[in-house]
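Each remark here refers to the structure printed beneath this line.
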Amino acid sequence: MKLSVRKLTPVFAAEITGVDLTRLDDATFAHIEDAFETYSVLAFPQQNLDDDAQIAFSRRFGELEKTQGHIANNFQVKHVSEISNLDPSGKLMAADDPRVLYRLGQRNWHSDSSFKRVPAKASLLHARKLPPDGGDTQFASLRAAYDALPAERKRLLEDKVAIHHYAYSRRNGGYELTNEEEDKRFPPVPQAMVRVNPVNGREALYVGSHASHIRGMPEDEGRALLKDLLEFATQEQFTYLHHWKVGDLVMYDNRAVLHRARPYKITEHPRILHRTTVMGEGPTVPA
Ligand SMILES: [Fe+2]
């Protein structure tokens, strides 16, 4: 077996074939880690993984986040989060099920856990069951977006800090899904607006739907700038659309990409992805 890397767009994302993620020697893993830092999104087709194997591969990148017990995962706290539109008895959820509404929130561009003080480094999704069409995942390169920004905008953003807030993004998306307890668990947190990759020094614009306003700027002005930057960063030329096949493992760098789920007939066809999340190495700005 020989590992091969094929670029999926001119600016980011690559497909990796010729590997079995359940059996990786250190040299092959080093090659994958290097590709992850370079391409930000890696797609590995035809991986036969159970949860333990997915956890074992994910752990090689760092410590894992535990899922928050919330309505969309049946309040289970563990390392694998099941992204599913089936209820615990295996039936499709109804359109007015709060868990369906929760999934709709994931159709906004975001970076996983950016509403936490230490946001996620990487997320890994393994496709288990898919609808006949739709349900793709789209990614946008925040490095390509940053590189394309005019110089004066780069200067303006250099030391800027955005405030990310889970309740803000959920309410902004039109879903009143947070409660007081969640508000307490996820207070607003500061995040650098420009992030530098510690391995290769590449800079990325760090925005997304959890970003509410900008520290030191009038709220309206900051919000307008964030909206503008989000639109800029998600232009077609910076994106990659992944059409899932069962067995695909796709991992993405939350420090360098945004992603969103694309629509499908959520009340008609099962769609199940298993997700693991690698913790970030520290806060993006000092306290
Ligand atoms: Fe996500």
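What follows is calculated from the coordinates using simple rules that are stated; it is not laboratory data. Not measured: the values here are computed from a predicted model. Counting neighbours? That spans all protein chains shown, and the Cβs are built from the backbone with ideal geometry, glycine included.
Descriptive notes on the structure:
- Taking the square roots of 5 times each eigenvalue of the Cα gyration tensor of the chain, largest first, gives ellipsoid semi-axes of 28, 25, 17 Å.
- Between LEU104 and GLU221, the distance separating the two model label sites (each 7 Å from Cα on the Cα→Cβ line) works out to 3.5 nm.
- Its alpha carbons give the stretch 192-280 an Rg and a Dmax of 16.2, 47 Å.
- Backbone geometry of the stretch 243-248 corresponds, through the Karplus equation with coefficients 6.51, -1.76 and 1.60 at θ = phi - 60°, to 3J(HN,Hα) couplings of 8, 6, 10, 4, x, 5 Hz, x marking Gly and Pro.
- Cα gyration tensor, the stretch 1-158 - rounded (a/c under 1.5), prolate or oblate: oblate
- For the pair the stretch 87-124 and the stretch 1-40, the centres of their Cα atoms are 27 angstrom apart.
- Between HIS242 and THR137, GLN138, PHE139, the built amide H atoms are under 5 Å apart, and every one of these is 5 or more places off in sequence or on another chain.
- Close amide H contacts of TYR264 (hydrogens built in the peptide plane, cut-off under 5 Å, sequence separation of 5 or more or a different chain): GLY135.
- Positive-end extreme of charge dipole, the stretch 127-267 - chosen from ASN172, LEU230, VAL196 (charges on Cβ): VAL196
- Each of GLY216, TYR39, ILE266 was placed along the dipole of the stretch 4-278 (beta-carbon charges, centred on the mean Cα), and the one lying farthest toward the positive end is GLY216.
- For ILE266, ILE272, order by how many other beta-carbon atoms lie within 10 Å, fewest first: ILE272, ILE266
- Measuring nothing but how far apart in sequence close Cα pairs (under 8 Å, 6+ apart) lie, relative to its length, the stretch 4-278 scores a relative contact order of 34 percent.
- Helical mean residue ellipticity (222 nm; -39500 (n - 2.57) per DSSP H run of 4+; nearest 500) of the chain: -7000 deg cm²/dmol
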